[in-house]
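Engineer: Structure incoming, see below.
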Amino acid sequence: MMQSDERGRYAAPVRVRVRHRSAALPTLLALVLTAFAGVAHAATTPAGTVIQASAEVSFVVGTQAVTVRSNAPTLTVNQLVDVAAGALMVAVPVQPAEASLSVAFRVVNTGNAPETLRLQLTTAVAGNLFDALPHPPALYLDSDASGTLTGADAPYAPGGNDPVLAAGASVVVFALVDVPAGLADGTRGRLELSARVEQASGAPGTIFPGAGSGGVDAIAGLSGGVAQAGTDLIVSGVDVALVKRATVVDSAGGSAAQSGARIDYDIVVQVSGRSSVHGLVIADPIPASTRYVPASLQLDGVSLSDAADSDAGTFLATAAQVQVSLGDQPAGATHHVHFSVLIN
Amino acid sequence: MKKFIAIIPLLLASLAASAASQQGSILVKTVAEQEQTVTAANGSKSTVLAPAKSVLPGHEVVYTVTFENIGQEAAKDVVVTNPVPEHTRYQAGSAFGPGTELLFSADGGRSFAAADALEVHGTDGSVRAAEPEDYTHIRFVLKNSLTPGAVAFARYRTLVK
């Protein structure tokens, strides 16, 4: 299983590419850890808020100074119904007949009022080479906010404990599935989670008069009040785990994530499973609002040049990402990738 | 009894006069509108301003302030000050008022300067150029007097956060 321990708002997604020689066709896996955590949502004006504007005019008539005010037209902020969902991993390496596999999704209320969400897991997705088997009750809410499925997490019952999310809030949802037996390496099966605002979903722009909190109109945003996220389960005899840590060093020697501060990233790459991974490439985009510190890339404590040359590391300025080619790696291998960025 | 009735209209008249002097001789009105795209019968599209009563986050609101000199004398040194409404941010470059000088405040209306001279002073003594999202007030300073009967207008746009 792939893991991530990303800290701070400058946590960046890491991408791993694994090329399987054993598969009938060369398979390119793109495993992306989406850094949902720490994406700061700009504060959205809550539904029902009243916005007032007025002008003040001062002038002089003769010798008398006068000040007058205008009327103050009021605008009521309607309810924006919007929801987003993402798989915490775009692809999950699995083994044939793997039982009770948990796959994490995050659902975010991107609207401006609390919403009740109806969740649904789909395992029979068009194009699947295999359908994962839902392990009843199939969905769990991350009740203890641990980020992993634990005994404290509530089984989800549609209509029974539909999550209620405040504006900007999110919840992690786990799908629990079994993988069928007898699958060849490289076989893919997709899982999809949908989250729907039951009361107000429709084409973007649909108006639900008076359906918003406090009686304002609810209006379907770009999502139409429905979010869908999917992840591919990919049968593979090998597993790559990534743990990424960020340490912030500011100019005063503290750890404030402020302009000019340096963030040191340390990515631990661990290969496990039964076979080897071939052509392993770690690619990590530089987070937005930061810039790469030239010549800061290291593999296992050894500096790598930024240029695309004979050593394993490259900083791709055009793609704003660091890339380290680890080549063939047997199960049990561990590597450390290090680089630094400066906050703009 | 007759005497008593006569006093009341006099009293009302004096009240009205004092109200007028308090209000001065400029009538000022603020209108909130939103742009809407209208498709004509022949399929051509045009953008019109329509009165706004409700908005969504991310929407733009166009505020138009009209001021009319309803008095008998010219009004000098006319200054129109508009706080950027709470929950909105000023849309860069949107303020427009014919015959006015445009000033902004980024400190709650304590000081005003032109956009390119406006600064934000941090509590730690740091100084940086103000960004449109820092603006707290928009001020239009009329370059000329407003003569009796004259109407002027100013306009700015904000984005609902």
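The values are calculated or read from the model by the stated rules, or taken from the named source; none is laboratory data. Please read these numbers as outputs of a predicted model, since none were measured by experiment. All Cβ positions, glycine included, derive from the backbone under ideal geometry; neighbour counts span all protein chains shown. Each accessible area value is taken on the protein alone, full model and side chains, heavy atoms only, with ligands, DNA and RNA left out. Shrake-Rupley method; radii C 1.70, N 1.55, O 1.52, S 1.80 Å.
Engineer: Considering every residue in B:26-39, what mean count of other chain Cβ atoms within 10 Å of its Cβ is obtained?
Structural biologist: Numbers: counts 8, 3, 9, 5, 9, 4, 7, 1, 1, 0, 0, 0, 0, 0.
For peptide B:26-39, the averaged partner shielding equals 3.
Engineer: Local charge sum around A:Asp162 (other residues, Cβ-Cβ under 12 Å, Lys/Arg +1, Asp/Glu -1)?
Structural biologist: Details: positive: A:Arg118, A:Arg196; negative: A:Glu115, A:Glu198.
Surrounding charge for A:Asp162 is 0.
Engineer: Pick out which of A:Thr74, A:Thr49, A:Thr334 has the largest mean-square fluctuation in a Gaussian network model of chain A, springs linking Cα atoms closer than 10 Å.
Structural biologist: Looking only at A:Thr74, A:Thr49, A:Thr334, the biggest GNM fluctuation is shown by A:Thr74.
Engineer: Just the Cα atoms of chain B, one point each, no solvent: what log10 I(q)/I(0) does Debye give at q = 0.11, 0.12 Å⁻¹?
Structural biologist: So the normalised log intensities are -0.62, -0.70.
Engineer: On to the next question. Suppose we keep just the DSSP beta bridges with both residues in chain A; what percent of those would be antiparallel, to 5? Before the final figure, lay out the partial values.
Structural biologist: Details: 99 of 106 bridges.
Antiparallel bridges: around 95 percent, rounded to the nearest 5.
Engineer: Also, quick follow-up: Across peptide A:71-81, what mean number of C-beta atoms from other chains lies inside 10 Å of a residue's C-beta?
Structural biologist: 6
Engineer: Now, a different point. Taking the square root of 5 times each eigenvalue of the Cα gyration tensor, what semi-axes in Å does the equivalent ellipsoid of the range A:159-212 have, largest first? Mind dumping the intermediate values first?
Structural biologist: On the way: eigenvalues 245, 45, 21 Å².
Equivalent ellipsoid of the range A:159-212: 35, 15, 10 Å, largest first.
Engineer: If you take every residue apart from A:Leu80 with its C-beta less than 11 Å away from the C-beta of A:Leu80, what net charge results, scoring Lys and Arg +1 and Asp and Glu -1? Walk me through the intermediate numbers first.
Structural biologist: Numbers: positive: none; negative: A:Asp82, A:Glu115, A:Asp217.
Counting the neighbours of A:Leu80, the net charge comes to -3.
Engineer: I would also like to ask the following. Given a cut-off of under 8 Å on Cα pairs at least six residues apart, what relative contact order in percent is computed for the range A:80-234?
Structural biologist: Over the range A:80-234, the number comes to 37 percent.
Engineer: With springs connecting C-alpha atoms under 10 Å apart, model chain A as a Gaussian network and identify which of A:Ser223, A:Ser310, A:Ser194 has the largest mean-square fluctuation.
Structural biologist: Result: A:Ser310 has the largest fluctuation of those listed.
Engineer: Sticking with this one: With springs only between Cα atoms under 10 Å, which of A:Ala261, A:Ala283, A:Ala252 fluctuates most in a Gaussian network model of chain A?
Structural biologist: A:Ala252
Engineer: Suppose all protein chains stay in the model; what accessible area per residue would a 1.4 Å probe give for the range A:80-234, in Å²?
Structural biologist: On the way: 6120 Å² over 155 residues.
Dividing the accessible area of the range A:80-234 by its residue count gives 40 Å².
Engineer: On the protein heavy atoms, probe 1.4 angstrom, tell me the percent of accessible surface of the protein assembly as shown carried by carbon and sulfur.
Structural biologist: 55
Engineer: Over all distinct alpha-carbon pairs, what is the Kirkwood Rh of the protein assembly as shown in angstrom?
Structural biologist: Numbers: mean 1/r = 0.0361 Å⁻¹.
Computed over Cα pairs of the protein assembly as shown, the Kirkwood hydrodynamic radius comes out at 27.7 Å.
Engineer: Using alpha-carbon positions, what is the distance between the centroids of the range A:184-220 and the range B:58-127, in Å?
Structural biologist: Centre-to-centre (Cα) distance: 40 Å.
Engineer: So, in Å, what gap is there between the alpha-carbon centers of the range A:84-155 and the range A:282-325?
Structural biologist: Using only Cα atoms, the two centres lie 33 Å from each other.
Engineer: Next up: How much accessible area is lost when chains B and A come together, counting both sides, with a 1.4 Å probe, in Å² rounded to the nearest 100? Can you show the working numbers first?
Structural biologist: Working: alone 10710 and 16090 Å², together 24190 Å².
Counting both chains, the buried surface is close to 2600 Å².
Engineer: Taking the Cβ of A:Glu56 as the centre, find all other residues whose Cβ is under 11 Å away and add up their charges (Lys, Arg: +1; Asp, Glu: -1). Numbers along the way, then the final one.
Structural biologist: Values: positive: A:Arg69, B:Arg139; negative: none.
My count for the surroundings of A:Glu56 gives +2.
Engineer: D for the range A:80-234, whole µm²/s, Stokes-Einstein with Kirkwood Rh over alpha-carbon pairs at 25 °C and 0.890 mPa s: what number? List each step's numbers first, then the result.
Structural biologist: Values: Rh = 16.1 Å.
Rounded to a whole number, D works out at 152 µm²/s.
Engineer: Show me A:121-130, B:114-123 ranked by packing, highest mean number of other Cβ atoms within 10 Å first.
Structural biologist: On the way: A:121-130: 14.3, B:114-123: 11.6.
Output ranking for A:121-130, B:114-123: A:121-130, B:114-123.
Engineer: Oh, and also: Over chain A, what is the mean sequence separation of C-alpha contacts under 8 Å (at least six apart), divided by residue count, expressed as relative contact order in percent? Please report the intermediate quantities before stating the final value.
Structural biologist: On the way: 927 pairs, mean separation 65.0, N = 344.
Dividing the mean separation by the residue count of chain A yields 19 percent.
Engineer: Now for a different question. Note the count of lysine pairs whose C-alpha atoms are less than 19 angstrom apart in the protein assembly as shown, limited to pairs 8 or more residues apart or on different chains. Walk me through the intermediate numbers first.
Structural biologist: Numbers: B:Lys29/B:Lys53; B:Lys29/B:Lys76; B:Lys53/B:Lys161; B:Lys76/B:Lys143.
Total qualifying Lys-Lys pairs in the protein assembly as shown comes to 4.
Engineer: Can you tell me the orientation of helix B:2-23 relative to chain B, as the angle in degrees between its alpha-carbon axis and the longest Cα principal axis, to the nearest 10?
Structural biologist: Orientation of helix B:2-23: about 20 degrees from the principal axis.
Engineer: Quick one: what are the phi-derived ³J(HN,Hα) couplings along the range A:179-191, Karplus 6.51/-1.76/1.60 with θ = phi - 60°, whole Hz, x for glycine and proline?
Structural biologist: Each residue's phi maps through the Karplus curve to give 9, x, 7, x, 9, 7, 3, x, 5, 10, x, 9, 10 Hz.
Engineer: Under the definition of partner shielding as Cβ atoms of other protein chains within 10 Å of a residue Cβ, what is the mean value for peptide A:209-222?
Structural biologist: Working: counts 0, 0, 0, 1, 0, 0, 0, 1, 2, 0, 2, 0, 3, 1.
Per residue, the number of nearby Cβ atoms from other chains is 1 on average.
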